[in-house]
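In what follows, a single structure is set out as structure tokens and then discussed.
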Amino acid sequence: MSTDEPSPEVYESGRGMDAHNAAMREIRARRDETYDPREPTRVWLDEDNTPDGTRQSLTIILNTGGCRWARAGGCTMCGYVAESVEGGSVSHGDLMTQVEKCIEHERENADDPARLIKIYTSGSFLDEREVPAETRAAVGETFADRERIVVESLPDFVDAPKLADFTHQGLETDVAIGLETATDRVRHDCVNKYFDFADFEAACAEARDADAGAKAYLLLKPPFLSETEAVADMKSSVRRCAAVDGCHTVSMNPCNVQRYTMVEDIFHDGGYRPPWLWSVCDVLESTADADAIVVSDPVGHGSDRGPHNCGECDDRVQTAIKDFDLRQDPSVFEQVACECELTWEAVVEHERSFGMPLAR
Ligand code: SF4
Ligand SMILES: [Zn+2]
């Protein structure tokens, strides 16, 4: 891939994104929290499905100063920049202190070290302005005794030599790419993300050159789509991603309403509802035969700001989804039912995304 230095200005100019970006900058400017550069944003233990089976996982969200695209304005649903460090960069020493704290958390809460390490940055771990080359190499060494590592990155920064920091340690390595949707128009206009599906395909090829794999992260129901459109877009996106060589896993994130985002503004004005959990089930069930592991981990399920059904069945449906994640068996969805499924069916049938005139 090109090693040109990307900049938000380059992405912005001439791509028709100026209005979205100006709105997002104005929304983000409302935040006033600051964060400690020696504290990770979040860390937790879980269990994940990998191409080699299910594994205990340690997930780390490093605080790196934030995504440079978010500084330009950024994606309509993404509140992560609000959690980043003021001023925009975190030193090697501080980043390694964050990693140490995560390992400490694991020591205190798990019997054994996790075989799978997942590192997200709310941006790009492979962007050297966020994570210096020195830190990347040190992270590779730190986790050399594990089995697999996943690092998050935008496609621009995926380069085979960077991934060698992990593959040369003997780690199975994956790049997690926030593609959001395989449809360029939806990615550009609803998500305000600047790159194309072709860039994702190129990044997967680059990962393959490094003997690494790729995981696509997709966003179910960005703003401006009806429930029906969102589900249809997701079903085709899962299949298109699964067909890309090297992309062995698709992780579908149902959109939730994060603070200081355009989605939050629209939500407050009554113009946005996060997706139904029934929609998540529908997508997983209908794409179960796709040639990839397809998973979803709905964040904030059951709340107004997160993916939800009626309030009565949310926990049960979430359990079925988590069960599907590990076993990939669509029959888990036959075991959950609720009256609200009829409401969801009516929504899918009747919801329209354009402004409906009341009279003409
Ligand atoms: S979704 Fe990713 S690319 Fe978009 S603003 Fe957030 S961190 Fe940046
Ligand atoms: Zn229900």
Residue among Val336, Val139, Val244 with the largest mean-square fluctuation in a Gaussian network model of the chain, springs linking Cα atoms under 10 Å: Val336
Taking the Cα centre of each part, how many Å lie between the range 16-72 and the range 138-154? 18 Å
Grab the other residues whose beta carbon is less than 13 angstrom from that of Thr50, score K and R as +1, D and E as -1, and report the net. -2
Dividing the convex hull volume of the Cα atoms of the chain by its residue count, what figure in Å³ per residue is obtained? 143 Å³
Need one number: the % of Cα-Cα pairs in the range 237-277 sitting beyond the 15 Å mark. 55 percent
For Val151, Val257, what ranking results if the residue with the fewest other Cβ atoms within 10 Å of its Cβ goes first? Val257, Val151
Rg and Dmax of the range 99-258, using alpha carbons, in Å: what are they? 16.4, 46
With label points set 7 Å from each Cα along the Cα-to-Cβ direction at Asp297 and Glu39, the distance between them in nm comes to 2.1 nm
Any idea what the dipole of the range 8-350 comes to, in debye rounded to 20, about its Cα centre with Lys/Arg Cβ at +1 and Asp/Glu Cβ at -1? 620 debye
Please compute the modelled spin-label separation between Arg352 and Ala243, points set 7 Å along Cα→Cβ, answer in nm with one decimal. 3.1 nm
Going by a ≥ b ≥ c, the root eigenvalues of the Cα gyration tensor, does the range 248-360 fall in the rounded group (a/c under 1.5), the prolate group (a/b larger than b/c) or the oblate group? prolate
Cysteines of the chain without any disulfide-compatible partner (other Cys Cβ under 4.7 Å) are Cys67, Cys102, Cys190, Cys204, Cys241, Cys247, Cys255, Cys281
In deg cm²/dmol, rounded to the nearest 500, the helical mean residue ellipticity at 222 nm of the chain, built from -39500 (n - 2.57) for every DSSP H run of length 4 or more, is -10500 deg cm²/dmol
For the range 258-356, run through the GluC sites (Glu not before Pro) and keep only the ones in DSSP coil with at most 15 other Cβ atoms within 10 Å of their Cβ. Glu312, Glu339, Glu351
What is the mean projected area of the alpha carbon convex hull for the range 122-177, to one decimal in square nanometres? 3.4 nm²
Does the range 241-309 come out rounded, prolate or oblate by the C-alpha gyration tensor, with a ≥ b ≥ c the root eigenvalues, rounded set by a/c under 1.5 and, if not, prolate when a/b is larger than b/c and oblate if not? prolate
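Read-outs throughout are calculated quantities, based only on the coordinates presented, and are distinct from any laboratory measurement. Predicted, not measured: the structure shown is a model, and the values here were computed from it. Neighbour counts are summed over all protein chains in view; Cβ atoms, including those assigned to glycine, are modelled from backbone coordinates with ideal geometry.
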